[in-house]
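Please read the structure below before turning to the comments.
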Amino acid sequence: MSVTEMFSYIQGFLSADQDIREDIRKVVQLLEQTAREILTVLQSVHQPSGFREIPEKCAKARELFSTVRTQIADLKTRFPVEQYYRFHEHWRFVLQRLAFLAALVVYLESEALVTREEVAQILGIEVVREKGFHLDVEDYLAGVLIMASELSRLAVNSVTAGDYGRPLRISSFINELDSGFRLLNLKNDPLRKRYDGLKYDVKKIEEVVYDLSIRGLAAEPEAGGGK
């Protein structure tokens, strides 16, 4: 093979690779748009009237997740299955956002921590790497940490809405979450930085609870109550 032929072959390879990446980007853009729509629905719970509409907002978000599953099914067809990690960076961010949104929906519904398996089911993907398009542990944990930040905001807005029991339940949940993360030896730098942010979320919620306590508005949270 001559030098010219060799570089023509390489150019063909590069062009094919760029075509795949362009196809992936188009689907990821649609996923990002759906993720924004879900976030818009869930953000409304921060409004004073939003707390009464949590079940309806969660139901609407779950409807939109059906669109996510369709879009991810399309994404799976855009690249060779054995090259998942070669193109992973294209959808890593949106997958973390979707994991966050799934975690937030489950928390708002049950005040419980979503499992990695539940997130994968909501998104229509796998947990086990060998089965194809899957949810990495790191992406799941990143989504959970984004949710923690959202809950610290919810604790503040709960007080504004006159829901004084919710911040105490959020505080208990976030402290338990923090204890869980302390058990992990995080080597992933971006994930480690996100975890550092959890400390500020804990502190912010503790300040809300303290303020309620000194105003005589704090009461022991009832199990599963006030959702």
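The values are calculated or read from the model by the stated rules, or taken from the named source; none is laboratory data. Keep in mind that this is a model prediction, so the values were computed, not measured. Neighbour counts are summed over all protein chains in view; Cβ atoms, including those assigned to glycine, are modelled from backbone coordinates with ideal geometry. All accessible areas refer to the heavy atoms of the entire protein, side chains included, with ligands and DNA or RNA removed. Shrake-Rupley method; radii C 1.70, N 1.55, O 1.52, S 1.80 Å.
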Checklist entry - Carbon and sulfur atoms: what percent of the 1.4 Å accessible area of the chain do they account for? => result 52
Item to check | Farthest positive-ward along the stretch 1-135 dipole, Cα basis, beta-carbon charges - from Gly124, Leu108, Gln96 | outcome: Leu108
Checklist entry - Under a straight-distance cross-link criterion of Cα-Cα below 18 Å, which lysines are reachable from Lys60, leaving out those fewer than 8 residues away in the same chain? => result Lys227
Checklist outcome for this item: For Ser172 the rounded accessible area (nearest 10 Å², probe 1.4 Å, non-protein molecules ignored) is 70
Checklist entry - Could you give the angle, 0 to 90 degrees to the nearest 10, between helix 54-76's Cα long axis and the longest principal axis of the Cα atoms of the chain? => result 10
Item to check | Under 16 Å from the Cα of Lys187 - aspartates and glutamates, other chains or at least 8 residues apart | outcome: Asp136, Glu138, Asp139, Asp196
Checklist outcome for this item: Given (i) 21.0, 84; (ii) 18.6, 64; (iii) 17.9, 60 as possible values of Rg and Dmax of the Cα atoms in Å, the one from the coordinates is (i)
Item to check | Solvent-accessible area per residue, Å², over the chain with all protein chains present [probe radius 1.4 Å] | outcome: 53
Checklist entry - Ratio of the stretch 1-135's C-alpha Rg to 2.2 N^0.38 Å, to two decimals? => result 1.33
